[in-house]
Amino acid sequence: MRLHFRNHLMLLLGLWTCLHLVTPAAPARAQESGPRLVEDDEVPPGVAAGWIVGNRLLAEGNSADALPYLHQAYRAHPNVVVIAMDFQEALAAEGYLRDAIKVMDGLVAAYPDSQSFRMRRSTLNLSAGRRDEALEDLREIRRRGDASVDVLAAEASILAAEGKTNQALDVLRDGLHLHPARGRDIFLEMARILRQGERLQDVPALMDEALAIYPDDPMLWLVKIRSLAALGNHDLALAVAKEADAHFAALTAAPTEPGPVAVPIDPDELPQDEFHSALPTDSFSVELADYYAQNNQIDHA
């Protein structure tokens, strides 16, 4: 029944292809050599129906069934970028990481200035356990002058996973100069890396540095308070919590000129832990009590 339905679907999609995908310029494009960026409606008519089925299956999360369709389309037209990108995605989803990397090798060779292609290959290499290759792409992006926060965070994360905490922090410090509007998020990521490197004792001083620039950011206050509590500096943690409560109460009573504004960041862009949890709904002192309660430190709570 499923095969019968798919045959009908292929027939309908093939008819759609003939009506919409064949353009007078198609023969001239077919004569071009090398990979090229194309729109979806420039997929060669001969494989368009199969690619559409594979693309839809992939979008539905059915990469196993999508793979044969996309493989066939890729074998016929490996130079069409939209087909290559779908094919490597399906390969990676099914665990064929080295094959997916080979597809991205071709795209990077054809488009050496493409940050997105290098980022994708770096991600695949990292998933395959090839950290050196993953770092090489990230550093090449930086050398080409396109060091976004995402690139810096990815490089720092790899270095941190290798235990190279200082190098990871240096990479992120470059980001503070390159992306001052994202400084708050970079400081939070630096705090995460310090925690990962078992250097919690360095977090309060880092947050002091951050708060000197972004004094009105609640998350930075929270990170400092929680780190002090985790270090056992309970009196100081409570004192900072009260200081934060007084600071934001004063802001509410008498608003001042706004300081540097941090651009919001997608929560998925940077690794998450308890430092990135929700902001307190009541007060910093109450949040500190909740923190102690969650960590079974009832007396302190």
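Every number in this text was worked out from the coordinates using simple rules, so none of it is lab data. Treat the numbers as computed from the prediction; the structure is a model and nothing was measured. Using ideal geometry, Cβ is built from the backbone for each residue, glycine included, and neighbour counts are taken over all protein chains shown.
Normalising the average separation of contacting C-alpha pairs (under 8 angstrom, six or more residues apart) by the number of residues puts the relative contact order of segment 138-191 at 29 percent.
Mean projected area of the Cα convex hull of segment 74-119, taken over all directions, amounts to 3.0 nm².
Close amide H pairs (under 5 Å, H built 1.01 Å from N) link residue 80 with no residue at least 5 positions away or on another chain.
Restricting the GluC sites (Glu not before Pro) of segment 131-171 to loop positions (DSSP other than H, G, I, E, B) with no more than 15 neighbouring Cβ atoms within 10 Å leaves 162. Taking a straight Cα-Cα cut-off under 25 Å and skipping sequence neighbours fewer than 8 places away in the same chain, the lysines within cross-link reach of residue 164 are 224. Checking the cross-link filter: which lysines have an alpha carbon closer than 19 Å to that of residue 102, excluding same-chain neighbours under 8 positions apart? Here the lysines satisfying the reach criterion relative to residue 102 do not exist.
Remind me, relative contact order of segment 87-187 in percent, using alpha carbon pairs under 8 angstrom and six or more residues apart? Contact order relative to length: 16 percent.
Taking label points 7 Å from Cα along the Cα-to-Cβ direction, residue 143 and residue 299 give a separation of 5.8 nm. Given in Å, the Rg to one decimal and the Dmax to the nearest whole number for the Cα atoms of segment 38-191 are 17.7, 54. Measuring r between the beta carbons of residue 99 and residue 178 and using R0 = 30 Å, the FRET efficiency lands at 0.30.
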